[in-house]
Amino acid sequence: MSDKPVILVVDDEKNTREGLARALKRSYAVHTAESGAAALEILSENHVDVMLSDLRMPVMDGMTLIQRALASSPELVCILLTAYGSMETAVEAMRHGATDFLTKPVNLKELELVLERVLRSRQAETENRQLREQLDSKFGMENIIGNSPQMQEVFDTVRQVAASRATVLIQGESGTGKELVAKAIHQLSSRNKATFVPVHCAALSSTLLESELFGHEKGAFTGATERRKGRFEMADGGTLFLDEIGEIDSSVQVKILRALEERTFERVGGQETVEVDARLVAATNRDLKQMVADGDFREDLFYRLYVVAITLPPLRERVGDIPLLLKHYLDEFNAENGRDIEGFAPEALDLLTSYNWPGNVRELRNVVEQTVVLSRGKRIGARDLPVHIREVSSEGPVVSLGNGTLEDLEKQALMQALKACAGNRTRAAEQLGISRRTLHRKIAEYGFEELK
């Protein structure tokens with residue numbers, strides 16, 4: 001197969017069609033078509049990078065051809081050719097999806113320049129899209145940091161569910177990153193060009209929440225001086241994220257259930273039925289199943305939300321991710337505050353990895369920001385950490401992390417875990433929050449024998 005870009009020349013005039021084909025064959029693979037119908041048939045059977053089409057052709061003109069071609073091949077580059085050049089025609093061609101516009105007789109040098117430009121732009125777009133996909137595969141979901149098996153399972157589920165229309169329930173303690181996961185689902189979905197609308201349910205009373213979600217009509221209550229759209233309407237075509245959904249009142253639960261089942265609702269104080277297409281992602285730090293059993297949450301709504309469930313592990317259950325998170329936030333706050341702190345002193349690292357992190361990743365991020373701002377040395381020491389972390393008890397597993405560079409940090413973590421587990425690789429991997437395969441690879445990579 002030729003590596004040359006593929007050009008389709010469409011013109012009902014044989015001399016023009018064949019003349020352009022001869023001129024382009026030196027640099028491109030060329031197909032020709034004498035009509036719009038013939039062009040569409042070629043496009044259905046062949047990969048084409050650029051279509052050059054005459055504007056005025058019998059049966060199907062160039063603008064109609066472009067519309068139909070782009071409907072089935074959205075990445076196709078279309079250039080319109082016409083002997084009747086005018087600014088109005090150019091604007092109309094662009095409106096129908098043409099990338100560029102050339103007048104006939106075609107200046108071959110100008111055509112070559114246009115083709116080089118549009119193909120270069122197309123290649124850049126392809127490379128950028130591939131880079132975004134590679135970054136997502138390598139680093140997870142934008143700001144969601146983690147290499148532990150628990151987080152890899154979360155990443156896999158997010159990628160799989162994002163392409164569907166399914167409602168998603170994200171479960172996890174406060175600070176585990178539920179909103180980041182919700183945003184990742186939105187960004188990886190076909191709805192990513194529409195709006196991601198978050199609502200923090202716990203911050204609003206039931207009356208205010210109903211108005212916030214569904215909007216209200218003018219005069220619905222004191223202070224309602226005009227009609228106002230709710231968050232469901234704002235998220236039409238996109239994603240609505242309801243954080244802490246376990247905190248909402250039963251009366252609002254009923255309206256949410258109807259909106260999910262029927263995709264319709266009425267604004268507060270109104271009778272007009274509003275139709276909406278919003279994907280719902282909900283999150284909670286509470287046990288909704290237990291709330292259903294206790295009569296505090298509607299069972300029908302629970303099962304409507306519980307189509308796909310993603311559970312985010314607390315930070316204390318993925319201790320192996322702490323070094324990665326520390327480095328990520330250290331880099332972020334160094335840049336943000338104009339600092340150049342090199343890392344964490346050994347005693348600080350020991351405290352940070354033995355701490356229980358009740359506030360999870362959010363708490364860790366805040367601690368790193370605070371220490372970067374207040375630290376006086378090139379490394380963050382134990383005295384730079386908040387008092388409640390310095391005074392942490394010695395209960396629970398403690399992984400001593402030795403040196404402050406990331407590589408030394410990892411070596412020391414592996415060695416200490418193997419020591420603590422008497423050389424048992426399975427137990428050491430579990431303690432570090434990594435897979436056994438990763439542990440084997442790291443042992444070989446750093447060239448040391450497991451310690452008995």
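Structure summary
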item	result
Counting all C-alpha pairs of region 339-395, share separated by more than 13 Å (%)	57 percent
Over 28 Å (Cα to Cα) - which of 327/442; 178/442; 178/229; 109/193; 193/218; 378/411 fall in this group	178/442; 109/193; 193/218
Order of 315, 439 - criterion: other Cβ atoms within 10 Å of each residue's Cβ, fewest first	439, 315
HN-Hα J in Hz across region 229-245 - Karplus 6.51, -1.76, 1.60, θ = phi - 60°, x for Gly and Pro	6, x, 5, 4, 5, 4, 8, 4, x, x, 10, 9, 10, 9, 7, 6, 5
Viscosity 1.002 mPa s, 20 °C: Kirkwood-radius Stokes-Einstein D of region 134-282 over Cα pairs, µm²/s	131 µm²/s
Residue 196 long-range amide H proximity, modeled H, under 5 Å	239
Over region 212-330 - Rg/Rh using Cα atoms and the Kirkwood inverse-distance radius	1.09
Scaled radius of gyration (Cα, divided by 2.2 N^0.38 Å) that region 6-130 gives	0.97
Residue exposure sequence - 368, 307, 268, 387 - by fewest surrounding Cβ within 10 Å	387, 307, 268, 368
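Readers should treat all values here as calculations from the given coordinates under stated rules, not as data from a laboratory. Owing to the predicted nature of the structure, the values given are computational and were not obtained by experimental measurement. Glycine gets a Cβ as well: all are built from the backbone with ideal geometry, and neighbour counts include every protein chain shown.
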